[in-house]
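In what follows, a structure is listed as structure tokens, so that the remarks can point back to it.
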Amino acid sequence: MSTTDAALPALPSGEPPRTTRPGGVFARPQTDTGWRSWVTTVDHKKLGIMYGTAALFFFVIGGGEALLIRIQLATPNGKLLSADLYNQVFTMHGTTMIFLVVMPIGAAFMNYLIPLQIGARDVAFPRLNAFGFWCFLFGGVMLNSSWLLGHAPDGGWFNYAPNSGVIFSPTHGIDFWNMGLLITGIASLTGAINLIVTVLNMRAPGMTMMKMPVFTWMALVTQFLLLFAIPVLTSAQFLLMFDRLFGANFFKTAQGGDPLLWEHLFWIFGHPEVYIMILPAFGVVSEIIPVFARKPLFGYPFMVFSGIAIGFMGWGVWAHHMFASGIGPISVAAFSMSTMFIAVPTGVKILNWLATMWGGKLKFSSPMLFSIGLVTMFTIGGLSGVTHAVAPADTQQTDTYYIVAHFHYVLFGGALFGFVGGWYFWWPKAFGYALNDTLGKVHFWLMLIGFNLTFGPMHILGLQGMPRRTYTYKNGYGFNFWNMVSTIGAFVITVSFLVLAYNILASRRKARKAQGVGTGRLTMAADPWDGRSLEWMLPSPTPAHNFDEVPVVRSLDEFWHRKYGEEEDGRLVRIAATEDVVQKGTNTDVHLPSPSYWPIVLAFGLPFIGYGLIYSLWFAVLGGICVVGGIYGWVMEPSVDPDAGHHDPEPGATEPEPSGEAAADEEAALVD
Amino acid sequence: MRRLRSLTDIAAPSTTEAGIPVAVPDGESHGLSHATSTGISNEKLAMWCFLGSECLLFGGLISTYLLYKDKAVRGPKPHELYAIPFTSVSSFVLLMSSLTMVLAVSAIQRGDQRALRAWIATTALLGATFISGQVYEFSVFLKEGMGFTTNAASSAFFTLTGFHGVHVTIGIVMLLSVLVLSLRGRLPQERAEAVEIVGLYWHFVDVVWILIFTVVYLIK
């Protein structure tokens, strides 16, 4: 019942219907190859790959900044960076890694996988999806352009008031931080709306909420967190921007401004933000571990509900970032308690991963190794996190390297390990060739060792009292040895990622040679890992239209159950060959959303409005023209490209139902 | 065969859903326009999500005002200057615009284009009256010595009410777009939901104003 057999409506004269096309340079783009296809694409898979690529680009920048920090701190009295430059480097390292690396890598996975895992052909709003990507990219570029335009932000990624005001930070750095992150915030907001609607509304027949893969579930929770957390940051950034650019009095202590207001607003955003970064990675390993243990995920409902619990409780713990700021004993006690409680659902997840592996036929391929890396490293980070919940201890640890150690264990040891595992796991699905497993294992062990060498010693340094955000330290405090170890570790991590880069190039070259396709398109088997969820039903790489035929879902791990059944004694038995249950990707008659120029045009104007507010309003006029033009073109663009090769739906095929009936349906459908 | 997208239609369902034979598991057919898993159209669900997000934006700004309302090192505090009768009248005007919005939605659901245009125009006019009142109020405050940069309380007041004013203004632009679409015949009865979604936004902006009027103007 697709549109394949819907005939084009003919005019009475029998000729095909006349079409009008918007002309000029903005004629609706047609091509699906070459650079234009990437600039104008609305395909969630291409956008996912673009998110990942852009995040890797920023990862190189943020990683370079990390190396600068480590070289500076390798020996006492480091001379590489001045205090001022050091402030900029650590601020940009944190901001880049959080907003331009970990979040977008999560977005890459979510964009690519959500529609595939729920059996949809695309996201709910394809052009909005493209708009989100371009906002993220241009916002990130604008933020980093501060390096070239004089002075980067220097207030830390948290930009505490009043240090972030014009008095203490008179350069434009923090204005760039404000503008850049307001623009990436638009990306997060539109992405959240889009993906929430996609998950709730675009599921394949039979795909009830409790049959969705755990990755999709965690992505949904993440998007809800983004939906509600980002506007709080936005409001705080507007206040700071008005202070800095228009002379408002929000954070000026002489005018009665309250620095704690910033801390509260920032951390009400900032704490959900840490779950925004980690939950997608939890989702990734929840997909990988069952595949390589050849067992269903242990306690699926617990996995789902602990994720939801984290999503809710994540809103009640923000002030544990502020124990040293004098918020009073009652607040401290309350937030101590809630912080200890939030370790419970996280512990449930760790237990379930272990129980999934327990008694399974474990296969230690690279994705599995990285997933186990997440489980172990995140547990260490989680335990040091619980020590922060003990307020008296936390006041000692505040602003020391112990904190730095903790959040790198959860964000690098947690999120990044999970995501890298996800790359190895879904690489064949996205690119049509597998990464070399031996090199993957080399990458894993180097990264694991380098990571622990870098951040393990920071626990010790922190407990010895080494302050963070300080550009150097003196000889004789006992900091020398572990700092040197830490710097060596940072270079080991660098080498491990060079191995990954080599792996990507070498594996691709080898696959090309093996398939004899020159520079053409690589393809490989649909289901290289004996996977469980719907995306493995599709050819690798995924065809533009995703599903030839939208699957009807009957159970959790639908694809697995199409391959395997159970004998009476519960033993696994194959009921169908993989080749027989995967789709061929040969359907060429699926109606797809047409590409569009307008998302990039609209997003392109936004940084210029930012530059305009910082420098001269003339830039803002230019940016405004771009934005208004983009909106106009977007709205006026026909929803269906009249010249596209695919069939339009018949006019009148979209007769709406009476609204009363729709309301009744809503209720019925929501209970699912 | 060129069809324009409706105002709020960022990706017409036809583009993404037409190819997907989504049937409800029990085999009940929903028809194409409601072929979503929840039965709520993508556009409406998206608007609800967006409004949920807006709650937090205004939550941040309202909290800021509550924290700062008495913080004035120099210059008058906002609540020394409020003209409650005047603001009550303009609040009433905005409230009434919600009623006319409802009537507009009901008109297009009946397919009554003439009533739709009348009520949409009335709603936009009431909204514009409210905005004019706000501009007048701001100019009076400015004359009485309370500008945006005067003190922390005034910064918080102008930021909060200014953000709300911008939201109303965007709502007016949406209403005028609906009016133009209707006049050009691009808003048939089947697209009633587009007007309904604009209405959702408009009611939200009204509800926020009730909150602002209460906590900012009425509570000392």
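I'd like to know how the protein assembly as shown sits against the 2.2 N^0.38 Å rule of thumb: what's its Cα Rg over that expected value?
Values: Rg = 28.0 Å, N = 892, 2.2 N^0.38 = 29.1 Å.
Rounded to two decimals, the normalised Rg is 0.96.
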Q | Distance (nanometres) between label positions extended 7 Å along Cα→Cβ at A:ASN452 and A:PHE481 | A | 1.8
(Q) Taking 0.36 nm per residue of sequence separation and subtracting the Cα-Cα distance, how much length would be gained by fully extending the chain between A:ILE327 and A:ARG574, in nm to one decimal? (A) 82.8 nm
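What is the extension gain from A:THR253 to A:ALA334, computed as 0.36 nm multiplied by their sequence separation minus the C-alpha to C-alpha distance, in nm to one decimal? Kindly include the intermediate steps, with their values, before the conclusion.
Values: separation 81, 0.36 × 81 = 29.16 nm, distance 2.77 nm.
Additional length available on full extension: 26.4 nm.
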(Q) Quick test of the membrane-span-like rule: which DSSP H helices of chain A reach at least 27 Å along their long axis (C-alpha atoms) with mean Kyte hydropathy at least -1.0? (A) A:44-74, A:126-145, A:173-201, A:214-246, A:259-293, A:329-357, A:366-389, A:437-463, A:480-515, A:617-636
Q.
Using the basic label-point model (7 angstrom from Cα toward the beta carbon), what is the B:LEU81 to A:ALA355 distance in nanometres?
A. 6.2
Q: Could you check the simple spin-label distance between A:THR470 and B:VAL135, using points 7 Å along Cα→Cβ, in nm with one decimal?
A: 5.6
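Cross-link list A:LYS349/B:LYS44; A:LYS429/B:LYS44; A:LYS45/A:LYS211; A:LYS429/A:LYS510: which exceed 26 angstrom alpha carbon to alpha carbon? List each step's numbers first, then the result.
Working: A:LYS349/B:LYS44 34 Å; A:LYS429/B:LYS44 33 Å; A:LYS45/A:LYS211 23 Å; A:LYS429/A:LYS510 17 Å.
Where the Cα-Cα span goes over 26 Å, the pairs concerned are A:LYS349/B:LYS44; A:LYS429/B:LYS44.
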Q: Amide H neighbours of A:TYR564 under 5 Å, at least 5 residues apart or on other chains, H built in the peptide plane: list them.
A: A:ILE575
Q. Quick one: if the Förster radius is 25 Å, what FRET efficiency do A:THR438 and A:ALA544 give, using the C-beta to C-beta distance and rounding to 0.05?
A. 0.15
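By average Cβ neighbour count within 10 Å, what is the ranking of A:214-225, B:151-162 from highest down? It would help to have the intermediate numbers written out before the result.
Numbers: A:214-225: 26.2, B:151-162: 24.7.
The packing order, highest mean first, is A:214-225, B:151-162.
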Q: Report, by chain and number, residues whose modeled amide H sits under 5 Å from the one on A:SER540, excluding near sequence neighbours (fewer than 5 apart, same chain).
A: A:MET524, A:ALA526
Q.
For a protection proxy built on the mean count of beta-carbon atoms within 10 angstrom, sort B:107-114, B:123-130, A:147-154, B:192-199 highest first, please.
A. B:192-199, B:123-130, A:147-154, B:107-114
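Quick note: the coordinates plus some simple rules give every number you see, no bench work behind them. Only a predicted model underlies this, so the values are computations on that prediction, with no experimental measurement involved. Please note: Cβ atoms are built from the backbone with ideal geometry, for glycine as well, and neighbour counts cover all protein chains shown.
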